[in-house]
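Chemist: For reference, the structure I am asking about is given below.
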Amino acid sequence: MRCVHAVLVAGLLSCVALAQPVAQPAPAPAPTVLPVPSPAPLPTLSPTSLPTSLPTSLPTWPIISDVARVHPAIAANGLVTSQEAQATRVGVSVLARGGNAVDAAVAVGFALAVTLPRAGNLGGGGFMLVHLAERNETIAIDYREMAPQAATPTMFLGPNGEPDPRLSRDSGLAAGVPGTVAGLAEAHRRYGSGRFTLAELIQPAIRLARDGIPVDEDLADSLPQAARRLARFPASMRIFLKPDGSAPRRGETLVQADLARSLEAIAQRGPAGFYEGTIAERIVAALGAHGGIMTVADLAAYRPVIRDVVRGRYRGYTLASMPPPSSGGVHLIQLLNLLEPFDLGAMGHNSAEAIHVMVEAMKLAYADRAQHLGDPDGTSVPVRGLTSRAYADILRPLIDRGRARPAAEVRPGDPAPHEGEQTTHFSVVDRSGNAVANTYTLNFSYGLGLVAEGTGILMNNEMDDFAAKAGAVNAYGLVQGAANLPGPGKRPLSSMTPTILFRDGKVAMVTGSPGGSRIITITLQTILNVADHRMNIAEAIAAPRVHHQWQPDAIDVEQGVSVDTLRLLVGRGHRIAPRPAFGNVNAILATPQGWTGASDSRQRGTLAAGH
C-alpha cells in the first residue's frame, strides 16, 4: 500500500527507500545476494585522530546544534509537516487563524487530494490518531476502505483457482468503498475547534483545484511514470495527460475542474454530497463498466469507526498507535518490546550488530502478522497478546546474536496465552498540545488510475490488500493469512502506522510514513533514531533505512549503509537486497527549543512549517 502520512501538532510542542515506482508495482522480486567488492585500501590514520570510546552519557533530549547534518523546522505555537508544500501551508494558515490540530489536519487532507493526486485522495481511505490535550485522551479514527456487500473470499481467483492480480489491482473489483470523506468529516464534527465549518476547511482545496496547480516537484516526477496507467481510462486521461497520452511538462498548470465541483458538493452537503446522489452514482457506474460490484447502497452505508488505540512503552516514552485493521500499531509495539533490552545506542546506528538484531526481530513480527492479523470486526485478533511484554520475552531468545535465521525456520508464535505504496502521512500539532497523525492511501500511486467520469475523483485499488487466497502474497510481497480474506463489508489489513509518543503526559513526537509493507519498520527506525541514537527529527528521518518482512528472506537496504557493514551481515547469513529510497516520513518532535518538524527529503516538494 502506498501511503501519504502527515502529522499535525498544536500547542507548545507536541502502501528500500523504495521510492516505489509510481506505475503499478510488480510483486516483490526474488532477492539477490549483494555482490560485496573487495575492500579498497584505506588511508593511514593517526591513532590520535580517532576517538578511544563512544560517549558514555547522552543528552536527555536530542539537541539542535550547528554540528547536526540536517536541521528541522522550529515553531513556537504549532507545526504541520506533509508530503506537499501547498497542503502544509493550508494547514499552517488554519492554525494561525485559531484552528486546532484537527481543523488543520482536515484542511490538509482535502488539499492533498488536489495537490498530491498520486496519494492524497477522496476516493481512498486511511487512519487518523487524534490527541486532545485538555482531556488527555487519544482516539483512533478508522476510515479504511470497505469491501462491497457482494464481495466473496474467492473473488480474486482465476479459473485455475489461483490468485489473478489483474482482478485485485487493475479491474473495477479492485476498489473498496472509500472512507476518506467520511473520516475527515467525522474528525471535524467530533474534535474540531468549532471555529471553522467543514465548508471553510474545504475551500482551499476547491480553490487549488479550480484555479490549477503548477506541474512541478513530485507531480512533475510522478505523472510521466503513471501515464500508461492513467491513459487506460478516458476520464483520467483528459484530466492528467495531453491528448497524445504524454504527461504535462514541468511548469504547466494542472486544472481539476470536475474535482473542484465535487469538493463544492461536499462543502455544501457534507459527506452526503459524496456518498449519495450524483457523485455516488457516477462512482458506481465507472467501476461497473470495468467489472466492479460496488453499489450506491454500499456507499450510502459507509461509516468510519472510532477505535481504542493500542499502547506501548519504550525507553521512558509511552506511545499510542493504530489498532487493527491496521497491523502497524500492534507490530510496532511488538518490535519495540523485543528490542528494548538491547543497547542499540551502544551498538551504533546502522552497525552490523544493530541491523542484525533489528532484522531478526522484524522476521518474528512479520511472521505473526501473516498468521494473526485481519479485520477485528470479523476476525478475533490477539492484540493484547501480540503487544504483551511477556510474549516478547518468550520470542526474544529466538534472536540468535551470531547468525541470521532463515525465514523457513521462523514460524508465527502463539500470543493467545498473553491476551489480557501510494500512501501519504501528515502530522500536526497546535499551541494547546493537541496532535494529529494521519495516514491515508489509494494503494498504488494514483490508485486504480480510474477517475469516475465527471467527478475528478481517483479511485483506490485497496482491495489488493486482502488475501486473494490464504498464503498468497500481495503487490508488496506480504504473505496473507485466512484472517484477511475478502468478505462483505470487511476492511482489508493495512500496514499504516500513524503514531504519537508521549513523555510526562505530553505529546513528545508525532510520526508516520507511506511505504507499503515497509511502513512499520520505517516508523520503528524513526523512533529508534530519536530514542536510542539521539538524533534530531530531521536526522532521524534522513538516516538510511533497512527492512525485513520475513518473506521474501532478504534485507532491503537503502543507499548509505556502509559496504563494510553489509559484508558483515552477509557473513552472518543475511541476504542483501539493495533498493531505491523508500518511505516518506513526516514527523514532529517536542524539544526545549519548541516544536521541531521535518519532511522527508526522499521526495521533492515536501514541507514542514509552523507559526
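Chemist: Any idea of the accessible area per residue across the chain, 1.4 Å probe, to the nearest Å²? Write out the running numbers ahead of the final one.
Modeler: Details: 21230 Å² over 611 residues.
Accessible surface, normalised per residue, equals 35 Å².
Chemist: Over what distance in Å are the Cα centres of region 64-139 and region 546-591 separated?
Modeler: Region 64-139 and region 546-591 have Cα centres separated by 28 Å.
Chemist: What is the sum of charges, Lys and Arg at +1 and Asp and Glu at -1, for the other residues whose Cβ falls under 14 Å from the Cβ of G91? Kindly include the intermediate steps, with their values, before the conclusion.
Modeler: Details: positive: R89, R97, R431; negative: E84, D103, E200, D430.
Local net charge: -1.
Chemist: Compare the peptides 530-538, 512-520 by average per-residue count of other Cβ atoms within 10 angstrom and give them in order, highest first. Before the final figure, lay out each step's value.
Modeler: Numbers: 530-538: 23.3, 512-520: 32.8.
Put in order of decreasing packing, that is 512-520, 530-538.
Chemist: Considering only A68, L173, P117, whose Cα is most displaced toward the positive end of the charge dipole of region 61-183, charges sitting on Cβ of Lys, Arg (+1) and Asp, Glu (-1)?
Modeler: A68
Chemist: Given H placed on each backbone N at 1.01 Å, which residues far from G78 in sequence or on other chains put an amide H within less than 5 Å of it?
Modeler: Those lying under 5 Å, H to H, from G78 are G11, H611.
Chemist: Assigning unit charges at the beta carbon (Lys, Arg +1; Asp, Glu -1) and nothing else, what dipole magnitude in debye, to the nearest 20, does region 195-285 show about its Cα centre?
Modeler: With Lys and Arg at +1 and Asp and Glu at -1, about 200 debye.
Chemist: For G270, which sequence-distant residues (separation of 5 or more, or a different chain) have an amide H within less than 5 Å of its own amide H, given hydrogens modelled in the peptide plane?
Modeler: Under 5 Å from the amide H of G270: no residue qualifies.
Chemist: If you don't mind, there's one more thing I want to ask. Place +1 on the Cβ of every Lys and Arg and -1 on the Cβ of every Asp and Glu in the chain, take the dipole about the Cα centre, and give the residue among I555, A543, S427 whose Cα lies farthest towards its positive end.
Modeler: Of the options given, the answer is A543.
Chemist: Ordered by residue, what ³J(HN,Hα) values in Hz, to whole numbers, does region 197-214 give under the Karplus form 6.51 cos²θ - 1.76 cosθ + 1.60, where θ = phi - 60° and Gly and Pro are x?
Modeler: 6, 4, 4, 5, 6, 7, 3, x, 5, 4, 4, 5, 6, 6, 7, x, 10, x
Chemist: Next up: Around H611, under 11 Å between beta carbons, what's the net of Lys plus Arg minus Asp minus Glu among the other residues? Before the final figure, lay out each step's value.
Modeler: Values: positive: R89, R97, R431; negative: D430.
Combined, the nearby Lys, Arg, Asp and Glu give +2.
Chemist: Also, quick follow-up: Sort K506, K363 by heavy-atom solvent-accessible area, probe 1.4 angstrom, most to least.
Modeler: On the way: K506 150, K363 0 Å².
Solvent-accessible surface, decreasing: K506, K363.
Chemist: Still on this model: Nearest 500 deg cm²/dmol is fine: what mean residue ellipticity at 222 nm does the chain get from its DSSP H runs of n ≥ 4 alone, each adding -39,500 (n - 2.57), divided by its residue count? If you can, show how the numbers build up before the last one.
Modeler: Values: 19 runs with 188 residues, N = 611.
It lands at -9000 deg cm²/dmol.
Chemist: If you don't mind, there's one more thing I want to ask. Principal axis extents for the chain, Cα atoms only, whole Å, descending order, please.
Modeler: 72, 59, 52
Chemist: Also: Taking the Cα centre of region 125-250 as origin, work out the dipole magnitude from +1 charges on Lys and Arg Cβ and -1 charges on Asp and Glu Cβ, in debye rounded to 20.
Modeler: The dipole of region 125-250 has a size of about 400 debye.
Chemist: Another question, if that's okay. Can you pull the percent of the chain's accessible area that's carbon plus sulfur, 1.4 Å probe, other chains left in place?
Modeler: Numbers: 11490 of 21230 Å².
So the carbon and sulfur contribution to the accessible surface is 54 percent.
Chemist: Also, I was wondering about something else. Could you pull the accessible area for Y143 with a 1.4 Å probe, rounded to 10 Å²?
Modeler: Surface open to solvent at Y143 totals about 0 Å².
The values are calculated or read from the model by the stated rules, or taken from the named source; none is laboratory data. Keep in mind that this is a model prediction, so the values were computed, not measured. With ideal geometry, Cβ positions are generated from the backbone for all residues, glycine too; neighbour counts draw on all protein chains shown. The area values use the complete protein model at the heavy-atom level, side chains included, leaving out ligands, DNA and RNA. Shrake-Rupley method; radii C 1.70, N 1.55, O 1.52, S 1.80 Å.
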